[in-house]
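The structure appears right after this line, and notes come after that.
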Amino acid sequence: MAEHNNTGREGETIAASYLERQDYLILERNYRHHHAEIDLIARKGKMIVFAEVKTRTNLSYGLPEEFVSYTKAKLIMRVAEHYIFAKNWQYDVRFDIIAVTINGNNVEVKHIEDAFC
């Protein structure tokens, strides 16, 4: 498997652990619908959070959160809509970005709430 796939998977694991420490319940990881995917779906109280995780080991090209494009956000919203209807979710919804930077043993997590809608 390519190194960037391993990095992405590690970032998703770090992000899920971070959310759990913040009292979120992880409902889904890598939820797919058609050709799109949501990295993490979590719940806290009556809020479902659809989180896009971006992980970088090198910031030379920019911060991880800068790599969530408009097109990617629209795809995430489309998959989220499918999930909401499939689960008959009647409460609040939020779209977050979790930016993970891994530099050796140093890991930084930046949680951006309401990143797009």
(message) From the phi angles alone, apply the Karplus equation (6.51, -1.76, 1.60; θ = phi - 60°) to the stretch 60-69 and give each ³J(HN,Hα) in whole Hz, x where the residue is Gly or Pro.
(response) 4, 9, x, 6, x, 5, 6, 9, 9, 7
(request) Could you tell me the number of lysine pairs in the chain with C-alpha atoms less than 25 Å from each other, where the two lysines are 8 or more residues apart or belong to different chains? (result) 15
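Relative to the compact-globule scaling 2.2 N^0.38 Å, provide the ratio for the alpha-carbon radius of gyration of the chain.
Working: Rg = 13.8 Å, N = 117, 2.2 N^0.38 = 13.4 Å.
The reported ratio for this selection is 1.03.
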(request) Would you pull out the residues with amide H under 5 Å of residue 116's amide H, same chain only if 5 or more places away, H placed 1.01 Å from N? (result) 95
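Work out the length of the dipole vector of the stretch 3-112 about its Cα centre, built from +1 on the beta-carbon of each Lys and Arg and -1 on the beta-carbon of each Asp and Glu, and round it to the nearest 20 debye. It would help to have the intermediate numbers written out before the result.
Numbers: 15 positive and 15 negative charges, 61 e Å.
Roughly 300 debye for the stretch 3-112.
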(request) Rounded to the nearest 10 degrees, what's the angle between the helix 3-21 long axis and the longest principal axis of the chain, both from Cα atoms, 0 to 90? (result) 60 degrees
(request) Can you tell me the order of 29-41, 66-78, 48-60 when each peptide is scored by its average per-residue count of other Cβ atoms within 10 angstrom, highest first? (result) 48-60, 29-41, 66-78
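Computed from the coordinates by the stated procedures, all read-outs in this text should not be read as laboratory data. Since the structure is predicted, the reported quantities are computational estimates derived from the model, not experimental observations. For neighbour counting, all protein chains shown are included, and Cβ atoms are generated from backbone atoms with ideal geometry for every residue, glycine included.
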